[in-house]
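Remarks on the structure that follows.
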Amino acid sequence: MIDFSKELNEEQYRVVTAEPGPLLVIAGAGSGKTRTLTYRVAWLLEKGVPPDSILLATFTNKAARSMLSRVEGLVGEQAREVWGGTFHSLGNRILRRHARRMGYESNYSILDRDDAQQLVASSIVEAGITTKSDRFPKAAQLLDIISLAANTSIPLEKVLLERFPSTAPFVTDILKVAFRYRLRKQELNVMDFDDLLLKWYDLLAEHDDIREEYAEKFQHILVDEYQDTNIIQAKILDILSSRHGNIMVVGDDSQSIYSFRGADYRNILSFPKRYAGSRIFKLETNYRSTPPILNLANLSIINNQRQYEKQLRAVRSGGVRPVYAPLVDASHQADFVVRRILELADEGVPLDEIAVLYRAHHHAMELQMELVRQDIPFVVRSGIRFFEQAHIKDMNAYLRLAANPCDELAWRRVLGLYGGIGKARAGAIWEKLAAGTDPRRHIFSEEIEVGLSKTALPGLRVLRSNLKRLFEAASGDDPGRTIETMLTEGGYGTIMRDRYDNFQSREEDLRQLAEFSRRFESLHDFLTDLALMTNLDDDKGMFPEDRRNGWIPGGKVVLSTIHQAKGLEWSVVFMIRCSEGCLPLSRALREPGGEDEERRLFYVAATRAKDRLYLCHAVNEGGRGGWSRSCAPSRFINELAYSCPSPGELPFEQWDGYPYHRVPGKG
């Protein structure tokens, strides 16, 4: 028998041993929600609830395996009979049994992302739609739009017109493609990832006997991260819990940050209204962070109007106040972070216990550059390193051509960007260019066209037009102006729109790269620094033994977007670009509820820190020949300052007197 009162704190114990019924558990950051869910399942099993009548829904397979493994450690093998897994895996399990009711065979295949994208592409062709227009969405973007409509239960036409206004001229054709895509999936006996939820819901909603079977079967339903559910998942849970009414949902509305995926935090806010007689519990005891860090987090989130009020309380004692560091610009911000990392490492803090969090990829450009200069190893959790992304390398190749017209690798990469010019033709064109004295002039000669097929000639003409603009812009030796020129209509910006469904994000990256480049005196200087960032080899490591000297702890500093950092923790957290326009992000503020969600992102980032927290703000956006623009501190930092009557009561201390010079090293 488990002594639950000894294994759990008072808050957790009240939740775990609560009487059956609808239960809403508001679990603050670091409050032990996983432990609470695990012991709740164990408590139910000890009370004699049949294990196969318990449903545990999670958002990751890892979370499901972890919780069920812990339950098994507590109560034995009977835990293996609990229905546990992600929403999608649970839906798949039920759909396999009843596939024919939905017009499928039970051996249906599940499409991965690439397969689904290919089927959308073929549906475009089969629908008889010509995609010669540069503006018609590519298959990848169409798949994302169809998925968003599915997960938000918003009609596809409304999603197109309200969220993707550029698709307005093609709404009729896109609806045809979506219809064809649905039809082809059924004909081929395949489902995509979204179908595992949609078909599951349809199965329950349209077939009374099946709905009654599973509503009767699942006597107790437990849900992890309820704030991240979408409308379909919430409806499925409503149906399954309709007979017994025993549903426990655990989540934190203050950590609802995935609306772009279709998550709807209104599900957790409306739970008490949808479930009559529901009881609300709060887990507010935090085992992760020091009191000063939690004080800042608590003060930041109170400014959201629609939320469940809670006050995180630290188990730990002591600790230092978070630091607010206003710095001259992004370059000095990078210097500051790197200096502090080296100092922390000198104090014995392992590098993998240090994280730098930011709202968008390009916010870490300068920092990545400085980390490389100082031979500090780092890993980017939220994707590949900024300077190693395809669109950054493409622009780099253009700039290298402008600086060095004999750069074969740059020529081959740029040539390959244009329609009809594959690797073989790019190689043949380069051989002709190399035979001349000046490739920059020779590319415009008639000789280059000899032997080219008709399909390659249009691409060559566009290339020549872009190169002409490139060489003219580069003559001013201003890399920022050159990049901006290549992003204009018909240039690389058009190529991105054709190639990438997230071209807007990539274009923003390149505009930030242009801004960053303006601090260099010449195109050559910029390319020299850029070369540091695009020729890294993670397998070999970046820390020479003569620099390590045995004193610096192992591991790598973690760089991550805030979204990717949710659920994780580090001893030291740096939040960079805490400026208006960056955090909160400008475009997010234009969305309904955008400011509140950006504040929740700030809160999530702050609560990742266990011991030290730094809020960094670049006061200026650098420009050539002086500062082009000043940046106000994030409204979330201002709110913290306004919440305190005197400087001595501020939840942070302000850094001042930082010596603005680079750390000695390779830079």
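The values are calculated or read from the model by the stated rules, or taken from the named source; none is laboratory data. Fair warning: this is a prediction, and the values are worked out from it, not measured in the lab. All Cβ positions, glycine included, derive from the backbone under ideal geometry; neighbour counts span all protein chains shown. Surface areas here come from the heavy atoms of the whole protein model, side chains and all, with no ligands, DNA or RNA. Shrake-Rupley method; radii C 1.70, N 1.55, O 1.52, S 1.80 Å.
Taking only the range 440-471 into account, find how many residues are open to solvent by 60 Å² or more (accessible area, probe 1.4 Å) and of a type outside the set (Ser, Thr, Tyr).
14
Of the numbered conditions (1) modelled with pLDDT of 85 or more; (2) over 23 Å from Gln368 (Cα atoms); (3) more than 30 Å from the chain's Cα centre (by Cα), Arg400 fails exactly one; give the number of that condition.
(2)
So for the range 568-580 (the condition being assigned to a helix (DSSP H, G or I) and modelled with pLDDT under 95), does at least one residue qualify?
In the first step, residues of the range 568-580 are kept if they are assigned to a helix (DSSP H, G or I); the result is none.
No: the range 568-580 contains no residue that is assigned to a helix (DSSP H, G or I) and modelled with pLDDT under 95.
Going by the conditions given, is Thr36 under 27 Å from the mean Cα position of the chain (by Cα) and on the phi < 0 side of the Ramachandran plot?
On the way: under 27 Å from the mean Cα position of the chain (by Cα): no; on the phi < 0 side of the Ramachandran plot: yes.
No.
Tell me the residue from Ile210, Ile221, Ile232 that is part of a helix (DSSP H, G or I) and surrounded by 20 or more Cβ atoms within 10 Å (Cβ to Cβ), please.
Details: Ile210 fails: surrounded by 20 or more Cβ atoms within 10 Å (Cβ to Cβ); Ile221 fails: part of a helix (DSSP H, G or I).
Among Ile210, Ile221, Ile232, only Ile232 is part of a helix (DSSP H, G or I) and surrounded by 20 or more Cβ atoms within 10 Å (Cβ to Cβ).
Would you check if Ser66 is without any contact (Cβ under 8 Å) to a residue 24 or more places away in the chain and either assigned to a helix (DSSP H, G or I) or acidic (Asp, Glu) (or both)? Reasoning before the result, please.
Values: without any contact (Cβ under 8 Å) to a residue 24 or more places away in the chain: no; either assigned to a helix (DSSP H, G or I) or acidic (Asp, Glu) (or both): yes.
It is false that Ser66 is without any contact (Cβ under 8 Å) to a residue 24 or more places away in the chain and either assigned to a helix (DSSP H, G or I) or acidic (Asp, Glu) (or both).
What is the number of the single condition among (1) in contact (Cβ under 8 Å) with a residue 40 or more places away in the chain; (2) closer than 30 Å to Met496 by Cα; (3) assigned to a helix (DSSP H, G or I) that Leu175 does not meet?
Status for Leu175: all satisfied but (1).
If I ask for residues that are surrounded by fewer than 24 Cβ atoms within 10 Å (Cβ to Cβ), among the basic types (Lys, Arg) and closer than 20 Å to Leu583 by Cβ, which ones from the range 326-377 would you list?
Once the filter is applied, which keeps residues that are surrounded by fewer than 24 Cβ atoms within 10 Å (Cβ to Cβ), among the basic types (Lys, Arg) and closer than 20 Å to Leu583 by Cβ, the range 326-377 yields only Arg340.
I'd like the full set of residues that are of a type in the set (Asp, Glu) and not in a loop (DSSP other than H, G, I, E, B), limited to the range 1-57. Steps first, please.
First, pick out the residues of the range 1-57 that are of a type in the set (Asp, Glu): 3, 7, 10-11, 19, 46, 52.
The answer is Glu7, Glu10, Glu11, Glu46, Asp52.
Determine which member of the set Ile129, Ile124, Ile145 is within 15 Å of Lys176 (Cα to Cα), β-branched (Val, Ile, Thr), open to solvent by less than 30 Å² (accessible area, probe 1.4 Å) and under 25 Å from the mean Cα position of the chain (by Cα).
Details: Ile129 fails: under 25 Å from the mean Cα position of the chain (by Cα); Ile124 fails: under 25 Å from the mean Cα position of the chain (by Cα).
Just a single option satisfies the conditions, and that option is Ile145.
Right, Arg180: among the basic types (Lys, Arg), free of Cβ contacts under 8 Å to residues at least 40 places away in the same chain and open to solvent by 30 Å² or more (accessible area, probe 1.4 Å) or not? Don't jump to the end; show me each part of the working.
Numbers: among the basic types (Lys, Arg): yes; free of Cβ contacts under 8 Å to residues at least 40 places away in the same chain: no; open to solvent by 30 Å² or more (accessible area, probe 1.4 Å): yes.
No.
If you check Arg629, Arg612, which single one turns out to be modelled with pLDDT of 95 or more and not in a helix (DSSP H, G or I)?
Selected residue: Arg612, the only one of Arg629, Arg612 that is modelled with pLDDT of 95 or more and not in a helix (DSSP H, G or I).
Looking at the structure I just gave you, is Ala140 within 29 Å of Asp264 (Cα to Cα), hydrophobic (A, V, I, L, M, F, W, C), part of a helix (DSSP H, G or I) and modelled with pLDDT of 90 or more?
For Ala140, the condition - within 29 Å of Asp264 (Cα to Cα), hydrophobic (A, V, I, L, M, F, W, C), part of a helix (DSSP H, G or I) and modelled with pLDDT of 90 or more - is not met.
Considering the range 496-517 alone, what residues qualify as being of a type in the set (S, T, N, Q), part of a helix (DSSP H, G or I) and open to solvent by 10 Å² or more (accessible area, probe 1.4 Å)? Walk me through it before giving the result.
Taking the range 496-517 and keeping what is of a type in the set (S, T, N, Q), we get 502, 504-505, 512, 517.
Remaining after also requiring part of a helix (DSSP H, G or I): 504-505, 512, 517.
Listed by number, the residues that qualify are Gln504, Ser505, Gln512.
Given the conditions (1) more than 22 Å from the chain's Cα centre (by Cα); (2) modelled with pLDDT of 85 or more; (3) within 21 Å of Ile376 (Cβ to Cβ); (4) not charged (D, E, K, R), and given that Pro659 satisfies all but one, which numbered condition is not satisfied?
For Pro659, the failing item is (2).
Enumerate the pairs (first residue in the range 346-368 and under 17 Å from Leu585 (Cα atoms); second residue anywhere and open to solvent by less than 10 Å² (accessible area, probe 1.4 Å) and among the polar types (S, T, N, Q)) with beta-carbon separation below 6 Å, excluding pairs fewer than 6 apart on the same chain, so at least 6 apart or on different chains.
Pairs that qualify, where the first residue is under 17 Å from Leu585 (Cα atoms) and the partner is open to solvent by less than 10 Å² (accessible area, probe 1.4 Å) and among the polar types (S, T, N, Q), are Leu357/Ser560.
Among the candidates Arg279, Arg274, which residue alone is in contact (Cβ under 8 Å) with a residue 24 or more places away in the chain, open to solvent by 40 Å² or more (accessible area, probe 1.4 Å), of a type in the set (Lys, Arg) and out of contact with any helix residue (DSSP H, G or I) (no Cβ under 8 Å at 6 or more places or on another chain)? Even if it seems obvious, please write down each step before you answer.
Details: Arg274 fails: out of contact with any helix residue (DSSP H, G or I) (no Cβ under 8 Å at 6 or more places or on another chain).
Every option except Arg279 fails the conditions.
Looking at Ala474, Ala514, Ala565 in this structure, which one is more than 17 Å from Glu370 (Cα to Cα), among the aliphatic types (A, V, I, L, M), touching a Gly at 6+ places or on another chain (Cβ under 6 Å) and modelled with pLDDT of 75 or more? First the steps, then the outcome.
Numbers: Ala474 fails: touching a Gly at 6+ places or on another chain (Cβ under 6 Å); Ala565 fails: touching a Gly at 6+ places or on another chain (Cβ under 6 Å).
It is Ala514.
I'd like to know if the range 223-246 contains one or more residues that are under 12 Å from Leu55 (Cα atoms), β-branched (Val, Ile, Thr) and more than 26 Å from the chain's Cα centre (by Cα).
Going residue by residue through the range 223-246, those that are under 12 Å from Leu55 (Cα atoms) are 223-224, 237, 240-241, 246.
With the extra rule that they be β-branched (Val, Ile, Thr), the set shrinks to 223.
Restricting the remaining residues to those that are more than 26 Å from the chain's Cα centre (by Cα) gives none.
Checked the range 223-246: no residue is under 12 Å from Leu55 (Cα atoms), β-branched (Val, Ile, Thr) and more than 26 Å from the chain's Cα centre (by Cα).
Can you find, within the range 69-88, the residue that is farthest from Phe281 (Cα to Cα) among those that are touching a residue at least 60 places away in the same chain (Cβ under 8 Å) and assigned to a helix (DSSP H, G or I)? Give the steps one after another, and end with the answer.
Restricting attention to the range 69-88, the residues satisfying the condition of being touching a residue at least 60 places away in the same chain (Cβ under 8 Å) are 74-75, 83, 87-88.
Narrowing the set further to residues that are assigned to a helix (DSSP H, G or I) leaves 74-75, 87-88.
Working: Leu74: 24, Val75: 25, Phe87: 24, His88: 28 Å.
Per the criteria, the residue is His88.
Just to be sure, is Asp253 within 19 Å of the chain's Cα centre (by Cα) and either open to solvent by less than 10 Å² (accessible area, probe 1.4 Å) or hydrophobic (A, V, I, L, M, F, W, C) (or both)? Spell out how you get there, then give the answer.
Numbers: within 19 Å of the chain's Cα centre (by Cα): yes; either open to solvent by less than 10 Å² (accessible area, probe 1.4 Å) or hydrophobic (A, V, I, L, M, F, W, C) (or both): yes.
Taking the combined requirement at face value, the residue satisfies it.
Any residue in the range 33-44 that is touching a His at 6+ places or on another chain (Cβ under 8 Å), modelled with pLDDT of 95 or more and not polar (S, T, N, Q)? Walk me through how you get there before you give the answer.
Within the range 33-44, the subset touching a His at 6+ places or on another chain (Cβ under 8 Å) is 44.
Keeping just the survivors that are modelled with pLDDT of 95 or more gives 44.
Add one more test, that the residue is not polar (S, T, N, Q), and what stays is 44.
There is at least one residue in the range 33-44 that is touching a His at 6+ places or on another chain (Cβ under 8 Å), modelled with pLDDT of 95 or more and not polar (S, T, N, Q).
Could you tell me which numbered condition Val190 fails, if it satisfies all but one of (1) under 19 Å from Arg101 (Cβ atoms); (2) surrounded by 22 or more Cβ atoms within 10 Å (Cβ to Cβ)?
The single condition Val190 does not satisfy is (2).
Which count do you get for residues in the range 63-113 that are open to solvent by 20 Å² or more (accessible area, probe 1.4 Å), out of contact with any Pro (no Cβ under 7 Å at 6 or more places or on another chain) and not acidic (Asp, Glu)?
Taking the range 63-113 and keeping what is open to solvent by 20 Å² or more (accessible area, probe 1.4 Å), we get 63, 65-66, 68-70, 72-78, 80-81, 84, 88-89, 92-93, 96-98, 100-103, 105-107, 109-113.
Next cut, out of contact with any Pro (no Cβ under 7 Å at 6 or more places or on another chain) only: 63, 65-66, 68-70, 72-77, 80, 84, 88-89, 92-93, 96-98, 100-103, 105-107, 109-113.
Retained after the next criterion (residues that are not acidic (Asp, Glu)): 63, 65-66, 68-70, 73-76, 80, 84, 88-89, 92-93, 96-98, 100-103, 106-107, 109-111, 113.
Residues in the range 63-113 being open to solvent by 20 Å² or more (accessible area, probe 1.4 Å), out of contact with any Pro (no Cβ under 7 Å at 6 or more places or on another chain) and not acidic (Asp, Glu): 29 in total.
Here is a check on your reading of the model: is Ala215 in contact (Cβ under 8 Å) with a residue 24 or more places away in the chain and either open to solvent by 30 Å² or more (accessible area, probe 1.4 Å) or farther than 15 Å from Leu90 by Cα (or both)? Step through it out loud before you land on a result.
Details: in contact (Cβ under 8 Å) with a residue 24 or more places away in the chain: yes; either open to solvent by 30 Å² or more (accessible area, probe 1.4 Å) or farther than 15 Å from Leu90 by Cα (or both): no.
Judged against the criteria, Ala215 is not a match.
Can you tell me which residue among Ala397, Ala410, Ala402, Ala435 is touching a residue at least 24 places away in the same chain (Cβ under 8 Å) and either open to solvent by less than 10 Å² (accessible area, probe 1.4 Å) or among the aliphatic types (A, V, I, L, M) (or both)? I'd like the intermediate steps shown before the answer.
Details: Ala397 fails: touching a residue at least 24 places away in the same chain (Cβ under 8 Å); Ala410 fails: touching a residue at least 24 places away in the same chain (Cβ under 8 Å); Ala435 fails: touching a residue at least 24 places away in the same chain (Cβ under 8 Å).
Residue meeting the stated conditions: Ala402.
Cβ-Cβ under 7 Å, sequence separation 6+ or interchain: first residue in the range 2-17 and farther than 15 Å from Leu44 by Cβ and of a type in the set (Gly, Ala, Ser), partner at pLDDT 95 or above and surrounded by fewer than 20 Cβ atoms within 10 Å (Cβ to Cβ). Which pairs?
Ser5/Tyr13
For the range 82-116, give me the residue count where each residue is of a type in the set (Phe, Trp, Tyr) and over 31 Å from the mean Cα position of the chain (by Cα). Break it down into steps so the answer makes sense when it comes.
Step one: filter the range 82-116 for residues of a type in the set (Phe, Trp, Tyr), giving 83, 87, 104, 108.
Going one step further and asking which of them are over 31 Å from the mean Cα position of the chain (by Cα), we end up with 104.
Counting residues in the range 82-116 that are of a type in the set (Phe, Trp, Tyr) and over 31 Å from the mean Cα position of the chain (by Cα) gives 1.
May I ask you to list the residues in the range 417-426 that are buried (at least 16 other Cβ atoms within 10 Å of the Cβ) and small (Gly, Ala, Ser)?
The answer is Ala426, and nothing else.
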